[in-house]
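> Dropping a structure here in structure tokens format, bear with me for questions.
The values are calculated or read from the model by the stated rules, or taken from the named source; none is laboratory data. The structure displayed is predicted, hence computed values, not measured ones. Glycine also receives a Cβ, built like all others from the backbone with ideal geometry; neighbour counts cover every protein chain displayed.
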Amino acid sequence: MRSATIKACFLGGLICLSGCSSVRNGFAGSAADRPARPAGVEVLHAAAESPFEPASTSFPADRNQAVVADDVDSAVLRTPGESPAVDVVGIERPRRQPPSSATPRKLVVTPVGHEIADDRPESDGTITVDGRTYEIRLVDQQTQAPLTEAGFRNVRVASQQIALSETPFPGSVIATASMADEVVSADVAPPDAMLLNLPSALSMIGGDHPAVGFAQWKVQEAYANLDQAEVLWLPSIQTGFSFHRHDGNLQASDGSIVDVNRSSFQYGLGAGAVGAGTTPRPGISAQFHLADAIFQPDISRKTAWATCHAEKAVVNRQLRDVALAYLKMLDAHQQLRILQEVKDRTAAISKITDDFAGAGQGLQADADRMRTELRLIEGRIAAAHEQVDVTSARLAYALSVNPGQRIIPLDPTVVPIELVSTDMDEGSLITSGLSNRPELKELQALVAAACDRHRRQKYAPFIPSVLLGFSTGGFGGGLGNVINNVDNRYDFDAMVTWEIRNFGFGERSARRRSQAQVQQAMFRKLSLIDDVAREIAEAYTQVTHRRERMAVTQTSIRSAQDSYDRNLSRIREGEGLPIEVLQSVKALEASRRAYLDSVSAFNEAQFQLQWALGWQVSAPQ
């Protein structure tokens, strides 16, 4: 009879969890919309048994592979033996476009073998959904919230249920209470919420982001300056006409003063000619310092290179900031889920404590204390909701979207992310970072440009300035207002001059100033080299030690869970008081929070190390 009940419950659990596939429709396209996977492709997927228990990843250490996946369909694909694919950042992808929710997503449910555990008779089996293990338990009462249309599974699998007999006393507690590790997000997304995972958030950093767009237009300006410098020696063209009228005295070339009333008119290439003088505004003119024509193209070219590296540095920094902001938001959601589970456990224990006190088997003071604990947890949950909203606003700022629009993470839990392998020694990583950081490449180009400016000032006194002018058109005039004898006129002027500014003192000052600018650029580069080495060393150390911290906190979850289960079993068997379970509940919460903190800190250190090495933070589309 019990075997038939177990099978029926197991099949019911499969049908219940299979319904979750309708909720996931909004997060990925159907199989028909995706390219077929080639044979032999290995799916690198991060699977966790519980949102808060230790999870492992098989993500490659190569920096070119993205390492974030919220399900099998969005996991990273790699063919064994092949090198990773090139980074996909999606800069050209339009911003403010969260993943489409129009196409369905197939949910794969893989049943696994199960057996009834001796020490936990309420456990009837497990099933695995997308790499996540669910526990099927026999309970007297089961509450299952309806599926939400927003795409979140508002389901508590094997949620805590404690059934008491009609006459509560310690020996009659029926042990169907199971504090399941798997608590799927109970948040209901608002209708206007933006649903994002990490790859989607990173893909929103493009040219229409204010910081990135500004940097890209700075590059356009730099290359426009380069184009102008390369044509500095080419002449300019002026065309037009001029009219000149003079009444009164003027001095003739022999020194005599004559009273003249005259007019003159000119048109064509050039204008402004008066009397016997040359055309002051030549129609075709070239006027430049030959030193600028020689050195300015190289200066502008290296400045443009520096601007390009600066633009890449801005993109890398924005990608890092978005990744860290998303991790903070995901951590806040997970912290909230831990507190919600603690609240459920505490509420159940508080109910038992009240029943014990009412039956005379416990103290009313214990019941009051449990109610106090419950109120305190509710206050912590309110603070956790505040942190969720704050982190959502900060991510919105990093993405440059409406901060009033709430962002909901699609990642179901927090798992360790491997971006950079720590198999390399610290010195090799520092060497790699010094050769890849775009900020260093920017300063290297600026040092070269400063050296070219110094050379320009050094050779400027020995290189002449050039003035070339050519004019042609009609010119005529006469006495009074009469304009006649209009005929063709040609003027050509060539001038080469050398200049020594301020008796040479100006030249010396210009050379000293340019030399000082070279030294400033060089010391800025040296300072940045120290900063890059420090950032890599710090991030490498954080990754190493936080990995050890995860291993330590991982074991604490197991022991805390065992302690909680044993204490709960004692209460079922009528040994002790329900309030004794409170300490185990707190220890389990502390261990899960410690592990969550360690995983979140490890992921942040990984992204920080990725950025410090000069590699672009990327994720699969």
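> Can you find a residue in segment 403-420 that is modelled with pLDDT under 95, surrounded by 14 or more Cβ atoms within 10 Å (Cβ to Cβ), in a helix (DSSP H, G or I) and out of contact with any strand residue (DSSP E or B) (no Cβ under 9 Å at 6 or more places or on another chain)? Steps first, answer last, please.
We begin by selecting, within segment 403-420, every residue modelled with pLDDT under 95; these are 403-420.
Next, from what is left, pick out any that are surrounded by 14 or more Cβ atoms within 10 Å (Cβ to Cβ): 403, 405-420.
Subset that is in a helix (DSSP H, G or I): none.
No, segment 403-420 contains no residue that is modelled with pLDDT under 95, surrounded by 14 or more Cβ atoms within 10 Å (Cβ to Cβ), in a helix (DSSP H, G or I) and out of contact with any strand residue (DSSP E or B) (no Cβ under 9 Å at 6 or more places or on another chain).
> Also: If you take the residues in segment 580-621 that are of a type in the set (Lys, Arg) and surrounded by fewer than 20 Cβ atoms within 10 Å (Cβ to Cβ), which one is farthest from Ser556 (Cα to Cα)?
Our first condition is that a residue be of a type in the set (Lys, Arg); within segment 580-621, this holds for 586, 592-593.
Filter once more, keeping what is surrounded by fewer than 20 Cβ atoms within 10 Å (Cβ to Cβ): 586, 593.
Values: Lys586: 13, Arg593: 11 Å.
Among them, the one singled out is Lys586.
> Please go through segment 339-391 and pick out each residue that is in contact (Cβ under 8 Å) with a residue 40 or more places away in the chain, out of contact with any helix residue (DSSP H, G or I) (no Cβ under 6 Å at 6 or more places or on another chain), among the small types (Gly, Ala, Ser) and part of a helix (DSSP H, G or I).
Correct list: Ala348, Gly358.
> Right, another one. Only one of Ala215, Ala211 is buried (at least 20 other Cβ atoms within 10 Å of the Cβ), out of contact with any Phe, Trp or Tyr (no Cβ under 9 Å at 6 or more places or on another chain), modelled with pLDDT of 90 or more and farther than 30 Å from Val482 by Cα; which?
Values: Ala211 fails: buried (at least 20 other Cβ atoms within 10 Å of the Cβ).
From the options Ala215, Ala211, the qualifying one is Ala215.
> Can I ask one more? Among the listed residues Gln608, Gln616, Gln542, identify the single one that is closer than 30 Å to Ser432 by Cα and not in a helix (DSSP H, G or I).
Values: Gln608 fails: not in a helix (DSSP H, G or I); Gln542 fails: not in a helix (DSSP H, G or I).
Just a single option satisfies the conditions, and that option is Gln616.
> Could you list, in sequence order, all residues of segment 339-354 that are crowded, with 20+ Cβ neighbours inside 10 Å and either at pLDDT below 90 or of a type in the set (Val, Ile, Thr) (or both)?
Those that are crowded, with 20+ Cβ neighbours inside 10 Å and either at pLDDT below 90 or of a type in the set (Val, Ile, Thr) (or both): Val342, Arg345, Thr346, Ala348, Ile349, Ser350, Ile352, Thr353.
> Follow-up question, since we're still on this one. It is to be established whether one or more residues within segment 462-471 are in contact with a helix residue (DSSP H, G or I) (Cβ under 7 Å, 6 or more places away or on another chain), at pLDDT 90 or above and within 30 Å of Val581 (Cβ to Cβ).
Looking through segment 462-471, none of the residues is in contact with a helix residue (DSSP H, G or I) (Cβ under 7 Å, 6 or more places away or on another chain), at pLDDT 90 or above and within 30 Å of Val581 (Cβ to Cβ).
> Here is a check on your reading of the model: is Val482 farther than 17 Å from His454 by Cα, part of a strand (DSSP E or B) and β-branched (Val, Ile, Thr)? Even if it seems obvious, please write down each step before you answer.
On the way: farther than 17 Å from His454 by Cα: yes; part of a strand (DSSP E or B): no; β-branched (Val, Ile, Thr): yes.
In short, no.
> Further question: In segment 421-464, what residues are surrounded by 15 or more Cβ atoms within 10 Å (Cβ to Cβ) and β-branched (Val, Ile, Thr)?
Answer for segment 421-464, where residues must be surrounded by 15 or more Cβ atoms within 10 Å (Cβ to Cβ) and β-branched (Val, Ile, Thr): Thr422, Ile430, Val447, Ile463.
> Here's a follow-up. Scan (1) buried (at least 18 other Cβ atoms within 10 Å of the Cβ); (2) free of Cβ contacts under 8 Å to residues at least 24 places away in the same chain; (3) within 24 Å of Ile430 (Cα to Cα) for the single condition Asn567 breaks and write down its number.
(3)
> Are any of the residues in segment 259-266 at pLDDT below 90 and assigned to a loop (DSSP other than H, G, I, E, B)? Quick ask: steps written out before the conclusion?
Residues of segment 259-266 at pLDDT below 90: 259-266.
With the extra rule that they be assigned to a loop (DSSP other than H, G, I, E, B), the set shrinks to none.
No, segment 259-266 contains no residue that is at pLDDT below 90 and assigned to a loop (DSSP other than H, G, I, E, B).
> Regarding segment 234-243, can at least one residue be identified that is closer than 28 Å to Ile500 by Cα, in contact with a strand residue (DSSP E or B) (Cβ under 9 Å, 6 or more places away or on another chain) and not polar (S, T, N, Q)? If you could, list the steps in order and put the result at the bottom.
Quick first cut of segment 234-243, residues closer than 28 Å to Ile500 by Cα only: 234-236.
When the remaining residues are screened for being in contact with a strand residue (DSSP E or B) (Cβ under 9 Å, 6 or more places away or on another chain), the result is 234-236.
After this cut, where a residue has to be not polar (S, T, N, Q) as well, the list is 234-235.
The answer is yes; a qualifying residue exists.
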